[in-house]
Amino acid sequence: MKEDTKIVKAGRNPDEYGGAVNPPVYHVSTVLFDSLEDFEARRTGKIDKMVYGRWGTPTSQAFERAVAEVEGGFDAVAYPSGLAAIAGALMAFVKSGDHILMTDSTYSPSRRVCDNFLTRWGVETTYYDPLIGGNIGSLIQPNTRIVFTEAPGSLTFEVQDIPAIAAVAHEHDAVVMMDNTWASPLFYKPFERGVDISIQAATKYIVGHSDAMLGTATATEATFDQLRDSARSLGNSVAPDDHYLGQRGLRTLAVRLRQHEKNAITIANWVKARPEVIRVMHPALPDDPGHEIWKRDFLGSSGLFGFVMKSVSHEGLGAFLNEMEHFGMGASWGGYESLVLPTQPETSRTATEWKPGGQTMRLHVGLEDVDDLIEDLDAAFARMNAVS
Ligand SMILES: *Cc1c(COP(=O)(O)O)cnc(C)c1O
């Protein structure tokens, strides 16, 4: 089955719900059992039926199976946010005395899970240069249990050589995790490149409409039970309407993502030609340092990229940002609308330095007409230049 067909069909079975195209939304806490025998069979997991709302419903299963199928893993667990998926996956595979290797370019709240929280359980984290590749072996300790990757990196967009990192990590029996949110389940196939657990902030492209918080962790067959049992032990549960929005968003992901990709490449090239801009971080641009690995491993690019502009006063930055017509100023991304944010990657790095020589920015390019978006950015640069 080709990818665009798979994304339409995955996890959906209209025969099971009276012919309705979409899975019904089950609002469930209590499940009633027919008999003592039924109660015992369901509790022991011998039959694939509901047991209790928190343990999963046809709504949650439809979403989880759809994501797992498109991402190419064995099965998935949904979490109430992308960050909850990251924390849940990390906690599932470490115990006191263990060690985590995490890329220095990771989404910064993921660092806080390690630094502010797992440290209290005696789990230590070492941050590594995202471009370390096979040299990750020099940082692996006897107690290293997880090697956490993210490509491209949050805010700075370095492309990691995941197959090289995974090969070395597996020699040392470490679990390889990847935050695969940027590429979505469509444009990077983590399980073909050695990843054991792939995490999506489904809040972004899967939900796709800026209206729900949701996360997923998709696992290999060997790692799935440990991941799911840990999520169950911790009381993880997602509201049925959010599962529903996730599976609905997934159906149109392929067409949305191709438009985000096209618009973002146009905008990235336009931004790159501006005299105020020092560099653009977008791995699909041929002169990007990560371009070769991106071309080798990725199937496309999304709408999110960064750029660095010459140092600007606070007033100048305000002039740039404050009167945008189409770009909203907001965190998160992956919805249909364009967003802009000034960023400060230099404040979170510990293993590497980010010294771009100017102001780092992040754009999420939405589904608007690119001519309107370019006009908006052009006016922003003009307002900034009039001040500084
Ligand atoms: C937004 C984001 C997350 C966290 O997702 P939430 O749903 O906001 O918790 C994790 N990783 C990356 C790369 C993100 O951009």
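The values are calculated or read from the model by the stated rules, or taken from the named source; none is laboratory data. Quick caveat: nothing in here was measured; it's all calculated off a predicted structure. Please note: Cβ atoms are built from the backbone with ideal geometry, for glycine as well, and neighbour counts cover all protein chains shown. Side chains are part of the model used for accessible areas, which takes the heavy atoms of the whole protein and leaves out ligands, DNA and RNA. Shrake-Rupley method; radii C 1.70, N 1.55, O 1.52, S 1.80 Å.
GNM, the chain, Cα, under 10 Å: largest mean-square fluctuation among GLY330, GLY133, GLY246?
Top of the fluctuation ranking is GLY330.
Below 14 angstrom from the Cβ of ASP4, what's the summed charge of the other residues (Lys, Arg +1; Asp, Glu -1)?
+4
Spelling out what I want: for every residue of region 102-115, take phi, set θ = phi - 60°, compute 6.51 cos²θ - 1.76 cosθ + 1.60 (Karplus), and round to whole Hz; glycine and proline get x.
10, 4, 5, 9, 6, 3, 5, x, 5, 5, 5, 4, 6, 6
Whole-Å semi-axes of the chain's equivalent ellipsoid, largest first, each the root of 5 times a Cα gyration tensor eigenvalue?
37, 26, 18
Please figure out what share of the DSSP beta bridges in the chain is antiparallel and state it in percent, rounded to the nearest 5.
55 percent
With the other protein chains left in place, how much accessible area per residue, in square angstrom, belongs to the chain at a 1.4 angstrom probe?
That works out to 43 Å² for each residue.
Do the sum for the chain: with -39,500 (n - 2.57) for every DSSP H run of n ≥ 4, divided by all residues, what is the mean residue ellipticity at 222 nm, to the nearest 500 deg cm²/dmol?
Computed ellipticity for the chain at 222 nm equals -10500 deg cm²/dmol.
For every other residue with a beta carbon closer than 12 angstrom to the beta carbon of GLN247, add +1 if it is Lys or Arg and -1 if Asp or Glu, then tell me the sum.
Every neighbour counted, the sum reads +1.
How large is the charge dipole for the chain, taken about the Cα centre, if only the Cβ atoms of Lys, Arg (+1) and Asp, Glu (-1) carry charge, to the nearest 20 debye?
The calculation lands at about 320 debye.
Where the accessible area of the chain is counted over protein heavy atoms with a 1.4 Å probe, how much of it, in %, is carbon and sulfur?
So the carbon and sulfur contribution to the accessible surface is 51 percent.
Which loop-located GluC sites (Glu not before Pro) does region 326-366 contain, where loop means any DSSP state but H, G, I, E or B and the Cβ has at most 14 other Cβ atoms within 10 Å?
For GluC sites (Glu not before Pro) across region 326-366 that sit outside H, G, I, E and B with at most 14 neighbouring Cβ atoms in 10 Å, the list reads GLU353.
Can you list the HN-Hα couplings for region 237-250, worked out from phi with the Karplus curve (6.51, -1.76, 1.60; θ = phi - 60°), rounded to whole Hz and with x for Gly and Pro?
Going residue by residue, I get 7, 10, 5, x, 5, 6, 4, 5, 5, x, 5, 5, x, 4 Hz, with x marking Gly and Pro.
Through the Karplus equation 6.51 cos²θ - 1.76 cosθ + 1.60, θ set to phi - 60°, convert the phi angles of region 5-14 into ³J(HN,Hα) values in whole Hz; use x for Gly and Pro.
6, 4, 5, 6, 9, 3, x, 10, 8, x
Measuring from centroid to centroid over Cα atoms, what is the spacing of region 296-374 and region 188-216 in Å?
21 Å
Using the Cα gyration tensor of region 136-254, with a ≥ b ≥ c the square roots of its eigenvalues, what is the shape: rounded (a/c below 1.5), prolate (a/b larger than b/c) or oblate (neither)?
The shape class here is oblate.
Using Cα springs under 10 Å in a Gaussian network model of the chain, which residue among PRO289, PRO163, PRO14 shows the largest mean-square fluctuation?
Maximum fluctuation in the GNM of the chain, among the listed residues, is at PRO14.
Output the Cα-based Rg and Dmax of region 253-387 in Å, rounding Rg to one decimal and Dmax to a whole number.
Taking only Cα atoms of region 253-387, I get Rg and Dmax of 14.7, 43 Å.
Explain nothing, just the number: relative contact order of the chain, from Cα pairs under 8 Å at least 6 residues apart, as a whole percent.
Over the chain, the number comes to 17 percent.
For a quick check: with amide H placed at 1.01 Å from N, whose amide H comes under 5 Å from LEU304's, ignoring anything fewer than 5 positions away on the same chain?
VAL365
Could you work out the local net charge near ILE162, counting Lys and Arg as +1, Asp and Glu as -1, over the other residues with Cβ closer than 9 Å to its Cβ?
It works out to a net charge of -1.
Skipping prolines and chain starts, which residues have an amide H placed within reach, meaning under 5 Å, of the one on THR125, given they are 5 or more residues away or on another chain?
Amide H to amide H, under 5 Å and 5 or more residues apart or across chains, THR125 pairs with ILE100.
Starting from the Kirkwood Rh over alpha-carbon pairs, what translational D in µm² s⁻¹ does region 68-107 have by Stokes-Einstein at 4 °C and 1.567 mPa s?
107 µm²/s
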